[in-house]
Structures are given as C-alpha cells and as structure tokens.
Amino acid sequence: MSSRWEEFYASLAIPTDFEENKNKIKDFCEHVSSQQKIVLVTSGGTTVPLEHNTVRFVDNFSAGTRGSASAEYFLEKGYVVIFVHRLKSLEPYVRHFMGQKFLDMLEIHNDEAETSVVVKSDHVNSVLPILTKYKSTMEARHLLCIPFTTLTEYMWLLRAACECLAPFGARAVLYLAAAVSDFYIPSSQMPTHKMQSEAGAPNISLQLVPKILEPLVNTWVPHAYVVSFKLETDENLLITRARGALSKYKHKMVIANILHTRKYRVVLVMATTCSEIVLDPEEIEAGIEIESKIVSELTKRHESFIAESV
C-alpha cells in the first residue's frame with residue numbers, strides 16, 4: 001500500500017471490534033469451496049463523528065434497500081455473500097418484516113400449558129418462503145452479515161474483506177453499494193467530549209476521503225470483478241461521471257442512477273458500452289424489484305469475465 005494510503009489509515013483509529021470482525025470474515029472465507037463464487041456487498045450510509053465520545057455526527061443518506069435486496073438475489077444465483085452493512089439498516093430477508101408490519105403478522109396463543117406466538121394463518125404463505133430461504137442460507141453458511149456505523153469502521157472492514165477476498169481472484173465480486181461519506185475528520189483533530197454550545201458555533205474542518213477504488217482495484221483485489229455506484233441528481237452528469245470513474249480507476253462497471261428514479265431505472269456503464277435497465281409500469285405494479293434484473297445481468301457478465309480470466 002502506498003504511503004498516501006498508509007497515512008490515511010493512520011489518521012483513522014482502529015475500531016475496537018476490528019480484529020473480531022476481521023476474524024469472522026477470514027473464517028467465513030475459509031469455508032468457501034474452490035468452485036463457489038463470492039460477493040462482497042456493502043450497504044447503507046456511513047457516519048462521520050464530530051467527537052470521540054460521539055453525540056453529533058454527519059450522516060449519509062441510505063436505508064440499505066439496494067444492497068439488502070441485491071444480496072438476496074446474489075444468494076439465489078448461488079453466490080456466497082459477505083454483507084457489510086450500516087447497523088440498523090435493511091438486511092437480507094429481515095427487510096421483508098420491518099417494524100409494525102411484522103408485528104401485525106403475529107398473534108398470541110394461550111392454552112393451559114404455555115403461551116406461544118405464531119404467524120397468523122393468512123400470513124403464513126408470505127412468511128414461510130422467506131423464512132425457509134433464510135434458514136437454508138444460514139445453515140449452508142452462505143451469508144455473513146457484519147455491521148458498521150462510522151466511516152472509520154467501514155474503511156477498516158472494507159480493507160479486511162478485500163484481503164480475505166484476494167485469493168478468490170476472478171471468482172470474487174465487489175458490489176460497493178454503500179453510501180460512503182466524501183469527507184471526514186482525522187481522529188487526531190476530533191475533540192474527546194461533546195462540543196459545548198456555550199463555546200459558540202464550532203469551526204469544523206472536513207477533509208476529503210481519498211477514493212478507495214484506487215488501492216482496491218490496483219492492489220487489494222486486482223483480479224476481482226469490481227462494481228461501484230454513482231448517484232446523481234443531474235441527468236446530464238450521470239454517464240459522464242460514471243465513465244470518468246471507470247477511466248480513472250479501471251474497474252469493471254459503474255451502476256449509475258438518478259436520485260428520484262433509482263428504484264425503477266439504472267444504467268450499467270462499462271468501459272465501452274452502456275446497458276439501461278428499466279422497470280415498466282406492469283413490473284412495478286407486480287412488485288418486481290429492479291435489483292433482481294441488475295444482479296441477473298451482472299452475474300452473466302461475471303461468468304464471462306471468469307471464462308476470459310482462465
């Protein structure tokens with residue numbers, strides 16, 4: 001790793017649970033067979049704390065919808081999945097039963113022997129298939145979920161995951177759907193305790209986060225199939241910015257989308273071609289998720305990439 005990146009990581013305090021999570025990823029990867037394909041899916045937004053004992057922070061918008069849905073579709077395609085996600089954001093399978101919706105599916109049964117909680121009969125057909133997939137996936141050790149909250153935690157987890165994925169070569173996919181902050185505060189420049197309002201408005205100096213794709217593509221996992229995301233609000237910038245990233249970092253694909261249409265339209269941008277994926281009104285009405293089409297197309301391209309790498 002270049003001195004630039006060594007300096008960047010030196011400015012980030014090592015998370016207290018880093019070694020534990022690194023060992024979980026390493027152990028998980030050791031149980032993947034030599035024939036299986038593996039994907040790292042990152043999901044959700046990162047926070048940038050303003051104090052070491054954090055009360056205030058800068059956050060990035062993302063509920064983890066795309067990442068959690070995509071992870072399920074990768075599993076359906078036979079991939080082993082490492083799901084690195086924002087704590088309390090959406091997760092594979094669990095995402096279908098969030099909040100009150102899940103509680104409304106349950107009822108309490110009382111009898112003389114015991115009290116039990118069961119799924120209401122009119123919800124069994126919707127719960128059972130998802131629960132079956134979840135149980136099968138976990139028993140087969142095909143899914144590992146590792147949470148993060150801060151930018152620092154995300155950066156250290158990403159680096160650790162890449163180190164574990166490097167031996168898989170072309171069989172590895174990196175699907176970097178997390179909304180990662182572009183700015184941060186070095187650990188040495190953060191106050192220890194909560195900033196006090198009596199001191200007046202603070203002067204906060206944010207620094208640019210170096211683009212992680214540079215060492216990732218060139219050094220950490222040089223033989224993997226790396227996919228990044230580009231979210232814009234201006235249609236005129238979308239393809240230009242995506243192609244700019246591909247030209248600079250030399251990875252395989254940018255999934256480009258506009259903020260207000262991201263749930264039913266994306267553009268898969270490659271080095272020389274573009275492929276648009278759009279849900280029509282009938283598909284939207286039927287509850288089709290665009291992530292199913294994204295993953296289907298991506299896995300086809302990954303198969304070709306593996307064949308060309310042999």
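Data for the structure
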item: Subset of the stretch 140-170 [more than 29 Å from residue 60 (Cα to Cα) and modelled with pLDDT of 95 or more]; result: 141, 167, 168, 169, 170
item: Check on residue 297, closer than 29 Å to residue 157 by Cβ, touching a strand residue (DSSP E or B) at 6+ places or on another chain (Cβ under 9 Å) and modelled with pLDDT under 95; result: no
item: Residues of the stretch 272-310 that turn out to be surrounded by 12 or more Cβ atoms within 10 Å (Cβ to Cβ) and outside any helix (DSSP H, G or I), as a count; result: 7
item: Which numbered condition residue 145 misses (of (1) under 22 Å from residue 89 (Cα atoms); (2) assigned to a helix (DSSP H, G or I); (3) open to solvent by 30 Å² or more (accessible area, probe 1.4 Å)); result: (2)
item: Long-range neighbours under 7 Å by Cβ, at least six apart or interchain, first residue farther than 14 Å from residue 6 by Cα within the stretch 195-215, second of a type in the set (Gly, Ala, Ser); result: 213/228
item: Residue in the stretch 34-54 that is surrounded by the most Cβ atoms within 10 Å (Cβ to Cβ), counting only those that are within 23 Å of the chain's Cα centre (by Cα) and part of a loop (DSSP other than H, G, I, E, B); result: 44
item: Tabulated pairs, the stretch 7-28, first more than 13 Å from residue 147 (Cα to Cα), second β-branched (Val, Ile, Thr) and not in a helix (DSSP H, G or I), C-beta under 7 angstrom, 6+ apart or interchain; result: 28/82
item: Matching residues, the stretch 195-209, being over 16 Å from residue 47 (Cα atoms) and either open to solvent by less than 50 Å² (accessible area, probe 1.4 Å) or not small (Gly, Ala, Ser) (or both); result: 195, 196, 198, 200, 202, 203
item: Where residue 133 falls short, out of the listed (1) within 24 Å of residue 155 (Cβ to Cβ); (2) in contact with a Phe, Trp or Tyr (Cβ under 7 Å, 6 or more places away or on another chain); result: (1)
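The values are calculated or read from the model by the stated rules, or taken from the named source; none is laboratory data. If you're wondering where the values come from, they're calculated on a predicted model, not measured in any experiment. Note that each Cβ is placed from the backbone with ideal geometry, even for glycine, and that neighbours are counted across all protein chains shown. Only protein heavy atoms, including side chains, enter the accessible area calculation; ligands, DNA and RNA are left aside. Shrake-Rupley method; radii C 1.70, N 1.55, O 1.52, S 1.80 Å.
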